[in-house]
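No lab work stands behind these numbers, since they all come straight from the coordinates. All values reported here derive from a predicted model rather than from experimental measurement. Reconstructed Cβ throughout: ideal geometry from the backbone, glycine too, with neighbour counts over all protein chains shown.
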Amino acid sequence: MKLQSITAWRYLTAFSSFGRICDVASHFDVNASSVSRALRELEASLGYPLFRAESRNLRLTERGKATVKLMKPAIEMFDRQIAQISKLNACVSGHIRLSVAGGFAASFLLNYLDRFKALYPDIVFEVSSGRKIPALRSGVCDIVTVTGRPEDENVVFLPRGINHYVPVASPAFLEKNRQLSSPDDLRRIRVFAYGGAERAPTRVLVRGREKCELELKEYLRIDSVLAIKQAVLQGKGMAVDLPVLHCAAELAAGNLVPVLSGWHRPDEELYVVTSRIGWQAPRIRIFAQWFAEESRKEYERCWKEIEPVLNRCRLKPGSQGRTDSPRTPYSPESGHTTPTTQLKKDHF
């Protein structure tokens with residue numbers, strides 16, 4: 001009976017997080033058709049619809065959401081117990097060579113590593129920044145983080161969150177430059193943008209279905225998110241593409257203010273990536289799974305906390321961030337085919 005299948009329930013709870021059949025398949029190292037079939041059988045066993053079609057997307061029904069809410073804690077508890085049992089039978093130890101963005105490493109990574117080492121104390125990390133998929137092929141790194149979905153068929157990748165970007169300025173800078181409500185206003189001021197190896201340069205801003213190519217007078221590309229944030233806090237210019245994760249505290253405190261009336265760099269998915277060979281090593285697979293899941297939770301929490309702040313700025317009369325076109329939240333499309341770059345995981 002499909003109601004008794006822990007795998008089908010895992011697929012359902014994973015779909016509630018990922019929102020796409022293909023990402024659920026990638027997560028569990030199975031074909032998308034296997035996920036679709038298991039979910040259809042579970043739906044039939046329950047006797048009520050779990051999903052509804054919305055344009056090209058697949059969404060949970062209200063009863064589907066209620067079902068996930070009831071079952072998700074049980075599935076998570078089951079998986080935690082399985083993880084503890086696995087630790088009794090296998091000693092996870094050794095080195096993990098990890099490369100992440102420099103700003104993320106400086107501000108957030110140590111917290112993740114300390115928490116993982118509390119679970120697996122025999123793991124030793126070697127951390128670098130700026131290395132990408134070629135470093136996996138050459139054997140320089142075991143795991144890297146990337147912006148944008150990998151296209152290499154020889155890697156395993158797990159989604160770890162969405163990078164939301166916000167154009168920001170300091171209150172002091174806005175006192176001198178009061179009109180920063182559209183991309184056209186950027187032609188007369190100094191604009192900072194990220195110029196490192198983690199992602200492509202910002203060339204275009206969007207707002208809803210609108211799109212605008214940047215034409216700037218003074219466009220300074222700097223390869224450090226932290227250096228850009230510091231310069232903006234000092235009133236030296238505005239940042240056109242600061243990730244929310246790196247400026248949430250300053251936005252909440254009012255030390256930075258969103259500008260451009262809802263125009264922003266398009267959101268991008270972030271991934272944890274390892275090679276197919278590396279995926280076979282338990283220490284690498286377990287950390288990649290854990291890091292992707294914990295990172296995704298952090299990005300979701302951060303966006304949930306800061307989105308009301310951005311909305312208040314948009315609705316406040318006279319605000320630099322006011323807009324009649326609120327930012328559309330990220331909404332992944334459903335998928336029904338297996339990505340070429342997937343290899344996947346045992347659920348941890």
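So the values come out like this:
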{"quantity": "Length-normalised contact order for segment 2-89 - Cα pairs under 8 Å, 6+ apart - percent", "calculated": "28 percent"}
{"quantity": "The chain - charge dipole about Cα centre, Lys and Arg +1 at Cβ, Asp and Glu -1, debye rounded to 20", "calculated": "420 debye"}
{"quantity": "Relative contact order %, segment 1-151, counting alpha carbon pairs below 8 Å whose residues are six or more apart", "calculated": "18 percent"}
{"quantity": "Stokes-Einstein translational diffusion, segment 2-89 - Kirkwood Rh over all Cα pairs, 0.692 mPa s, 37 °C, in µm²/s", "calculated": "242 µm²/s"}
{"quantity": "Rounded, prolate or oblate (a/c below 1.5 giving rounded, otherwise prolate when a/b exceeds b/c) for segment 155-248 by Cα gyration tensor", "calculated": "prolate"}
{"quantity": "Between segment 238-275 and segment 103-118, the Cα center-to-center distance that results, in Å", "calculated": "20 Å"}
{"quantity": "R0 of 30 Å, Cβ-Cβ distance ALA172-GLU307: FRET efficiency to nearest 0.05", "calculated": "0.75"}
{"quantity": "Estimated inter-spin distance, ALA253 and THR147, nm [label 7 Å along Cα→Cβ]", "calculated": "2.4 nm"}
{"quantity": "Sparse-neighbourhood loop sites, trypsin sites (Lys or Arg not before Pro) in segment 94-198 - DSSP loop, at most 13 other Cβ within 10 angstrom", "calculated": "ARG178"}
{"quantity": "Alpha carbon centroid spacing (whole Å) that separates segment 161-187 from segment 3-57", "calculated": "41 Å"}
{"quantity": "Spacing of the two label points (7 Å from each Cα toward its C-beta) at ASN111 and VAL140, in nm", "calculated": "2.9 nm"}
{"quantity": "Listed residues LEU245, LEU113, LEU180, most fluctuating in the chain (Gaussian network, C-alpha, under 10 Å)", "calculated": "LEU113"}
{"quantity": "Cross-link pairs beyond the 26 Å C-alpha cut-off, checked among LYS65/LYS304; LYS72/LYS132; LYS117/LYS297; LYS69/LYS304; LYS132/LYS217", "calculated": "LYS72/LYS132; LYS132/LYS217"}
{"quantity": "Stretchable slack from LEU226 to SER128, in nm (0.36 nm times residue separation minus alpha-carbon distance)", "calculated": "33.6 nm"}
{"quantity": "Virtual paramagnetic centre 7 Å along Cα→Cβ of CYS212, amide N under 19 Å, in segment 259-294", "calculated": "259-267"}
